[in-house]
Amino acid sequence: MKRKFMTLLALSVMASTNMKADEGMWMLNNLTPQSMKIMNGLGLQLSDKDLYNPQGTSLKDAVVSFGGFCSGVIVSPEGLVFTNHHCGFANIQALSTPENDMLKNGFVASGKEKEIPAPGLFVDILQYTEDVTARINKTMDKIYKKTSKKQREAYGENWKIQILDEKIDSIFEEIQKEYSKNDPTLKAVVSSYYSGNAYYVSVYKHFTDIRLVFTPPQSLGKFGGETDNWMWPRQTCDFSVFRIYANEKNEPAEYAASNRPYQPKHFAPVSLQGFQMGDYSMTLGFPGSTDRYLSSFGIEERMNSINAARIEVRGVKQDIWEKWMNSDATIRLQYAAKYAQSSNYWKNSIGMNKALKELKVVEQKQDLEKRLSEWIAQDAKRQKEFGNLFQNLEQAYKARKSDFYAYMFLGETFFSGSDIFSIANTANAWINATDEDYKKRLVESLEKKFKDYNENVDKEATTALLEFYGKTVSAAYLPDFYKTIQNDFKGDYKKFVEDLFQKSVLSDAKVLKDLNADNLKKDIMITYINQVRDLSKSLNKKNEQQAYAIAENEKLLCRAILDMEEDQAHYSDANSTLRLSYGIVADYTNEGIRQNYFTTSQSILDKIAQSDSISDYKVEPSITAMLKAGNFGPYKDKRTGEMQLCFITNNDITGGNSGSPMFNGKGELIGLAFDGNWDAMSSDISFTQSLTRCIGVDIRYVLYIIDQWGKADHLIKEINAK
Ligand code: ARG
């Protein structure tokens, strides 16, 4: 009896270590035979060459970086791209007007000539990735050797990382130029991996003529809105469709009416066959940033300064924005993208702090750090290499604690909170800019800011934000104009702001008609934003040594983990480069409640029935009728007999992965990743095997909407799902 128990235990331990292999965001250019073995074992029927093959054609050729902040997938021989609705959102908003509100009504281009160019949008397709670590290290070693003892002493303790910081941009630039010099359509980007312990260059084809083809109304594309954001179960039909255009040589080109649909090297076949629990699933996409190697001290800072500032300041601002958005349709459209963007990581930060506490992530990190300290202490060479890394980290984080806290609140309040301060910040950059190209971009940015701005909304928000900042941080962190508030306005923030909006030309879009640097320089808002900037700069300067110590010792910590666990494969933190995550379709159980791996058409009808009290569940009556009619045809799941809407897998994703294709074992498209789940919002810092899930929209739901809501037969034909 006892032995049997032992065997069972051993088996379950094995199963769980095997499972752990699913975690990770792996680079495609160095997939190891071990990883391939695990993936093939889980059900992948492709070889490493089928996934990544710069010399030939491979799956990666169908995956795109969308606008630099999302992912997408090419699904037709004519460059048709699927991404998320929330990825296309800002572009759809920019192309909308109150008379032609495509966010609200959706959009279907009835033919290619009706597809709408999205100015400023780009799509990058990875050609290949190369390791440039040795080259960069060699360059740096030469520079270090040339640095005299006197210079080193002048820099202080963390001299190496300071010199690196000074030189790295120009070293990156030189490599980037070299990798793109023979072909102006290429864009090369060097990125740092493993907390600065490695460098790779990624070379992309950079496409700039991108056109909007299809979007569902936001009642579907953003179904569930902020109520359901970061949650499972979901019914959001989070997709939009764009097309890449190229010149007559099929190469990237600026927008021209004569450009033609891009013919990709590879496009993803779309599957109507569905999937079931345990089936292989993999995402390819461009995750933005994770902090899986971050020290316990860094995690605490993330919770108490970065997340705290986001949660508190955005909370104040969003309440006011929401009130105005609910009262006026024009304001709702103007503030839609800004609100969604702000609220997304506001809610994420709330969930992250909660999950970090509940899942005891700091304690887990401390355990790892304890093991690392012991491992370092065992060996003189290790002691020399890693020195006092934990003490250094603890000291540096502690030394900057109160400054950093104020710095985060300052940024959230003045640079990305109040509109008039953010406008003044851009106007100030314009006054000081000399480069004509840059000046032009700043004017465009100002135009965009004013397009999405309402004076009354911002007066109220700025008043509340100034007051909140004033009572949250200590007096040492108040910009000078707080004295004016006290002395001239007797602490009346509202009067101060009224007066400010009256005096400053930056409170009104009219200023754009005649931007004049000399006049602007005299504007009160330029004086005030410079007080904020000076304070922010002085906090930065004061904590420069701590920042270097943190960068240096976090880098050492990452290297120590890689060395101590050298028998295990380690993926690098996300950095907006192409990554693969493998795993399976998987349900989960949290707090005793099992969550099924898919949602059905009935579940959206159930939510719509609650839309009187939850406005995020409102859809147009015609959509409810369509869903109730139930003509799901080929889009219905053959096994369950249900129309399945969204599903979950244990793929490892984060922001930036939005729009990532979810492939089955044959490399066919089964879904688009669009979110993570509340139960494990700590996943950017720590992946919890039993709880962390990737939420995707089932590709059959996408096709159903294109077909039944959009009546876009031409797209259904072009996509040719099987
Ligand atoms: N949380 C999702 C992501 O970051 C979706 C964000 C957009 N949706 C929203 N309701 N704000 O990928």
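The values are calculated or read from the model by the stated rules, or taken from the named source; none is laboratory data. What you see is a predicted model; the values in this text were computed from it and never measured. All Cβ positions, glycine included, derive from the backbone under ideal geometry; neighbour counts span all protein chains shown. Keep in mind that these areas ignore ligands, DNA and RNA; they rest on the heavy atoms of the full protein, side chains included. Shrake-Rupley method; radii C 1.70, N 1.55, O 1.52, S 1.80 Å.
If N is the number of residues in segment 58-207, what value comes out of its Cα radius of gyration divided by 2.2 N^0.38 Å? Walk me through the numbers on the way to the answer.
Values: Rg = 21.6 Å, N = 150, 2.2 N^0.38 = 14.8 Å.
Rounded to two decimals, the normalised Rg is 1.47.
Cα atoms only, segment 416-496: Rg and Dmax in Å?
15.1, 44
If you scale each eigenvalue of the Cα gyration tensor by 5 and take the root, what three semi-axes come out for segment 569-652, rounded to whole angstrom and sorted largest first?
In descending order, the three semi-axes are 32, 17, 15 Å.
Using the Kirkwood formula on the Cα atoms of the chain, what hydrodynamic radius do you get, in angstrom to one decimal?
In the chain this quantity evaluates to 27.5 Å.
Can you send over the carbon and sulfur percentage of the accessible area for segment 23-80, probe radius 1.4 Å, protein chains only?
Using a 1.4 Å probe with all protein chains present, segment 23-80 comes out at 52 percent carbon and sulfur.
When the convex hull of the Cα atoms of segment 326-365 is projected onto a plane and the area is averaged over all directions, what value comes out in nm²?
On the way: hull surface 13.8 nm².
With every direction weighted equally, the projected area is 3.5 nm².
In the neighborhood of residue 327, defined by Cβ-to-Cβ distances under 14 Å, what is the net charge if each Lys or Arg adds +1 and each Asp or Glu adds -1?
Around residue 327, the surrounding residues sum to -2.
Where only protein heavy atoms count, and the probe is 1.4 Å, what is the accessible area per residue for the chain in Å²?
Working: 32340 Å² over 722 residues.
On a per-residue basis, the chain sits at 45 Å².
Please provide three numbers in whole Å: the alpha-carbon extents of segment 613-721 along the principal axes, with the largest listed first.
So the extents along the principal axes, rounded to whole Å, are 43, 43, 28.
Using a 10 Å cut-off on Cβ atoms, rank the peptides 176-188, 204-216, 660-672 from the highest mean neighbour count down.
Top of the packing list down: 660-672, 204-216, 176-188.
Which residue, 51, 643, 560, has the largest displacement toward the positive end of the dipole of the chain when charges sit on each Cβ (Lys, Arg +1; Asp, Glu -1)?
Among 51, 643, 560, the one farthest towards the positive end of the dipole of the chain is 560.
Report the one residue of 133, 95, 120 whose Cα lies farthest in the direction of the positive end of the charge dipole of segment 91-190 (charges on C-beta: Lys and Arg +1, Asp and Glu -1; origin at the Cα centre).
About the Cα centre, the residue reaching furthest to the positive side is 133.
So what's segment 461-591 giving for Cα Rg divided by 2.2 N^0.38 Å, two decimals?
Relative to the rule-of-thumb radius for its length, segment 461-591 sits at 1.74.
Cβ neighbours within 10 Å, averaged per peptide: list 134-144, 265-275, 410-420 in order, most packed at the top.
410-420, 265-275, 134-144
Over the Cα atoms of segment 259-413, Rg to Rh with Kirkwood Rh, two decimal places?
We get a ratio of 1.12 for segment 259-413.
Over all alpha-carbon pairs in segment 16-130, figure out the percentage whose distance exceeds 16 Å.
71
Using the Cα centre as the reference, give the magnitude of the dipole from point charges on the C-beta atoms of the chain (Lys, Arg: +1; Asp, Glu: -1; all else neutral), rounded to the nearest 20 debye.
Details: 89 positive and 94 negative charges, 186 e Å.
It comes to approximately 900 debye.
Cα-based Rg of segment 243-337 per 2.2 N^0.38 Å, rounded to two decimals?
Output field value: 1.84.
Can you pull a Stokes-Einstein diffusion coefficient for segment 162-257 at 25 °C (0.890 mPa s), Rh from Kirkwood over Cα pairs, as a whole number of µm²/s?
141
Could you check how much of the accessible area of segment 236-356 is carbon and sulfur, as a whole percent, using a 1.4 Å probe?
Within segment 236-356, the accessible surface is 50 percent carbon and sulfur.
Apply 1/(1 + (r/R0)^6) to the Cβ-Cβ distance of residue 434 and residue 508, taking R0 = 25 Å, and write down the FRET efficiency to the nearest 0.05.
0.40
After finding the eigenvalues of the alpha carbon gyration tensor for segment 159-198, what semi-axes result from the square roots of 5 times each, listed largest first in whole Å?
24, 12, 5
Find how much the distance from residue 483 to residue 32 grows on full extension, using 0.36 nm per residue of separation minus their present alpha carbon separation; answer in nm with one decimal.
156.2 nm
May I ask you to evaluate 6.51 cos²θ - 1.76 cosθ + 1.60, the Karplus curve with θ = phi - 60°, for each residue of segment 577-585 and list the ³J(HN,Hα) values in order in whole Hz, giving x for glycine and proline?
9, 5, 9, 10, 10, 10, x, 9, 5
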